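Written out below as structure tokens is the structure these notes cover.
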Amino acid sequence: MNTGSDRETNESATGEPAAAETPHVSKAPAFIKARRSLHLSWQVGVFVVGLAVIAAGVAMLVLPGPGWVAIFAGLAIWATEFAWAHLVLRWTKRKVTEAAQKALDPKVRRRNIILTTVGLVIAGALIGFYLWKYGLVLPWDIKDQ
């Protein structure tokens with residue numbers, strides 16, 4: 001008996017696609033949406049806050065901190081008000097999920113382990129050669145010249 005469980009999640013058991021996704025709606029409170037000027041101010045505020053979080057995330061890519069988390073958080077802030085940000089966030093979530101699934105693939109894991117091992121062996125050989133050639137001089141043992 002076919003229950004329809006083997007079909008895409010967005011299709012019903014009859015084979016018809018699910019209703020089109022509802023359009024993006026602002027998450028602003030009703031009293032703010034009631035006045036255009038307030039709603040525009042709300043959107044500007046959301047944009048500025050999201051931009052600040054994303055800018056902090058970009059800075060944290062090179063500084064200590066969770067850079068990608070902050071970037072995705074800023075995008076989520078924008079997605080509360082802007083349809084384009086909602087689409088970008090959904091696309092990003094899909095790509096991250098695909099990458100996570102791909103990383104769990106045994107062939108990919110084996111390749112990554114081999115490449116990491118080769119990289120560590122090369123780094124160890126270079127460090128060993130440097131120490132053999134120049135020796136190890138600790139900073140507190142350096143004599144003034």
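The values are calculated or read from the model by the stated rules, or taken from the named source; none is laboratory data. Because the structure is a prediction, the values reported are computed rather than measured. Because the Cβ atoms are built from the backbone with ideal geometry, glycine has one as well, and the counts that use them run over all protein chains shown. Heads up: the accessible areas ignore ligands, DNA and RNA and are worked out on the full protein's heavy atoms, side chains in. Shrake-Rupley method; radii C 1.70, N 1.55, O 1.52, S 1.80 Å.
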Give the range 94-128 a look and list any residue that's modelled with pLDDT of 90 or more and hydrophobic (A, V, I, L, M, F, W, C), or say none. I113, I114, L115, V118, L120, V121, I122, A123, A125, L126, I127
Return the pair list, or none, for Cβ contacts closer than 8 Å from residues in the range 103-115 that are outside any helix (DSSP H, G or I) to residues that are open to solvent by 100 Å² or more (accessible area, probe 1.4 Å), at least 6 apart or on different chains. none
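Can you spot a residue in the range 69-87 that is open to solvent by 80 Å² or more (accessible area, probe 1.4 Å), at pLDDT 90 or above and either assigned to a helix (DSSP H, G or I) or in contact with a strand residue (DSSP E or B) (Cβ under 6 Å, 6 or more places away or on another chain) (or both)? Lay out the reasoning, then the answer.
Applying the first criterion (open to solvent by 80 Å² or more (accessible area, probe 1.4 Å)) to the range 69-87 yields 69, 84, 87.
Imposing the further condition that a residue be at pLDDT 90 or above reduces the set to 69.
Still in the list and also either assigned to a helix (DSSP H, G or I) or in contact with a strand residue (DSSP E or B) (Cβ under 6 Å, 6 or more places away or on another chain) (or both): 69.
Yes: one or more hits.
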